[in-house]
Every structure is written in structure tokens, then in C-alpha cells.
Amino acid sequence: MEIEIDSEPIDQDNYYVVGFSTGEIKEPLKVSVKPRSSEQQRIIDMENNSRDVPYQMCSTPVGFVLLINNIEFPAQSRRNGSEVDVMNLTRLFKKLGYTVIQKENVCSKTLNIEIANFVEMFNSKKVDSCFVIVLSHGNVIQMEMSDGVLVNIYKDITYKIADERNERNQGLLGIPKVFIFGSCMEFNLSGDVAKCEYSNDTPSNGYLMTCDKFDAADWMICQSAYPGQASHRHKEYGTYYIYTLVKCIMEEAATYDLVSILNNVEKTMTGRAEGRNRHFVFENYKERRVQACTTTPHMFRKFYFKVPVVNSSCSKRKRH
């Protein structure tokens, strides 16, 4: 379960919070994307002549984003502040040239329909990238839908979009597919991940079900915490992970590829980024709780966002 941080000051006798309450995060994000200089673009263009050619990002829109935000649940607490994550993510991806499809309080029965409709968009129009973002309660390998049913992030979401053997996914072949899951990464009550339950599934080896027929490339999974960690959420600023993710993409999309940006997100959350505050700490007397993020890339090329270029030779010719 996510740890919710009230907008009011926390009782400092019990908790010490660096980040949301007393650290560098003091106000909501003002979402804007730094433009790319002509020199930065020249460096990226040089990679097009190398062996490791980056993914093409030329389509309009540059891609589609499916953004699922579950707030209300039958037995879990309301995810106050998650609306801020949706606002920040939507503004960010629109500025990066994406079409964003927002869905709120999706239940397990309609999840398949939403995924099928989303996949069909790629068959109807050729675009160059795909993002799927799910914000909800959850654990190390499951997300909770608004009807309280836990779904497997691999079998029920990722593989249904990234599987290249599925004829329905032909419009997604060869383009990067990024899956972002914002929830807690805690194990079940026994603390044994091998005993986690799976929706409509019986694990064959006590940990993961077999997926011998699954075959994919050009995909990546990003999760908001390390396995075993909770996710922190603020009523006014949203979740710590999404806040940091959006901020890093805003500042670094002009210069770095996506994997490098995500590495910097982790560095920021763990206090290892130069010039940034120490990691977000949540202490309850002797217990110290921290949060970092997990990225599992299966990308075979570099992913650079499509960012406006300033002072390029093209723009200079237009002015003259």
C-alpha cells in the first residue's frame, strides 16, 4: 500500500521526510520541456551514421500514450494526489508530441477492452513509439484494478502489447514500447515473493508462470520502487516517482536518451545525482524507509525524444 503524505506538516517526532515536506520538492511542477540546441541535435544525428542507429522519431504524433489512473477501490484507500500525476504526465507527453489517452478507474473486466482499443490505434496509424502508464495500488508484480482485482503486469498488460507473435500487434513491431507502473512494490504479507498470487493464473514454478510463446523486442518496464519498497504519494505534488520522472524528462530530454534519463531518475531518488538533495527518507523511529525506482530495459537501440531544436540551420534559413 502506498504511503500517503499529507499536505500539512508531518509530526516530526515520528517522521522525518526529505523531499516532499522539508527538501527540494516544495511546489507543484511547472511542466515545460527544454529545447535541444543545434549542437546537441548534431551529436544525435551523428549516431544515425553509427552501428547503433537510434529509434526513428519522425511521425506526427510521435506516438500514443495509454494512461490508466485508478483512484477509487472497494477495499483500499483513495489515491489522493494521483490526479496531479495524470496532469503532469499528460502535459509532458503532449509537449513531447504524443497523443494521450486517459482512462480512470478501469476495472479488470474492461482492461482487456482498453488494451485492445489502444493496440488497434497503432494498426490504424503508423507512429514511432508507445507508452503505457498504469497508476494504482499494487505490489511487486501486480496492479490493482478499480474493482479490487489484482492483474499481473506481465501476462495481463505488457505481453498483450509487446508480444510480436500476436498478429494484433503488427502495428507495434520495431518501435519502442515503454511500460511504466506506479505502485508499491511490496511483497505479500509473508514477505515471500514466490508466494504472490496471480490473476487467473497458477505459477508453474512458484514464482513466474511460463510464457514460452511470448516473444518481444524493443520494450522496457519501469516501476516506481525497488522490490519490497513502498511508494510515496503527496496530496498536492503526486507520487515521488512520477514527480521525479517528469522533472528529469523535462530537464534532460534534449540531451540524453531515455535509458540515461531513467538512470538519472534513480540517481535522484537515491540521492546520488549531482547537485540534488539526498534521497527521499521516511523514518519511523528505528525503521528507515526509502524509495528508488526499477528499470528493466529490453531496448536494442537508443531512444531520444522528439524535442524542438533551437538555432538550427533549418530555422536560420527560414528567418532569412
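The values are calculated or read from the model by the stated rules, or taken from the named source; none is laboratory data. Treat the numbers as computed from the prediction; the structure is a model and nothing was measured. Neighbour counts are summed over all protein chains in view; Cβ atoms, including those assigned to glycine, are modelled from backbone coordinates with ideal geometry. Accessible surface areas use protein heavy atoms only, side chains included; no ligands, DNA or RNA. Shrake-Rupley method; radii C 1.70, N 1.55, O 1.52, S 1.80 Å.
Quick notes
- For a paramagnetic label modelled on Glu114 (point 7 Å from Cα along Cα→Cβ), amide N atoms under 16 Å away belong, within segment 129-146, to 131-139, 142-146.
- Among the listed pairs Lys95/Lys155; Lys30/Lys125; Lys34/Lys125; Lys95/Lys126; Lys103/Lys177; Lys30/Lys177, those beyond 24 Å (Cα-Cα): Lys95/Lys155; Lys30/Lys125; Lys34/Lys125; Lys30/Lys177
- Other residues lying with their Cβ under 10 Å from the Cβ of Asn69 contribute a combined charge of -1, Lys and Arg counting +1, Asp and Glu -1.
- Highest mean packing first, where packing is the average number of other Cβ atoms within 10 Å per residue, the peptides 302-310, 30-38, 134-142 line up as 134-142, 302-310, 30-38.
- In the context of the full set of protein chains, segment 53-93 has a per residue accessible area of 33 Å² (1.4 Å probe).
- Evaluated with a Cβ-only charge set (Lys, Arg +1; Asp, Glu -1), segment 72-154 carries a dipole of roughly 300 debye about its Cα centre, given to the nearest 20.
- Rounded, prolate or oblate (a/c below 1.5 giving rounded, otherwise prolate when a/b exceeds b/c) for segment 60-173 by Cα gyration tensor: oblate
- Accessible surface of segment 68-111 [probe 1.4 Å, protein heavy atoms]: carbon and sulfur percent: 48 percent
- Residues of segment 95-117 with an amide N closer than 13 Å to a point placed 7 Å from the Cα of Glu167 along the Cα-to-Cβ direction: none.
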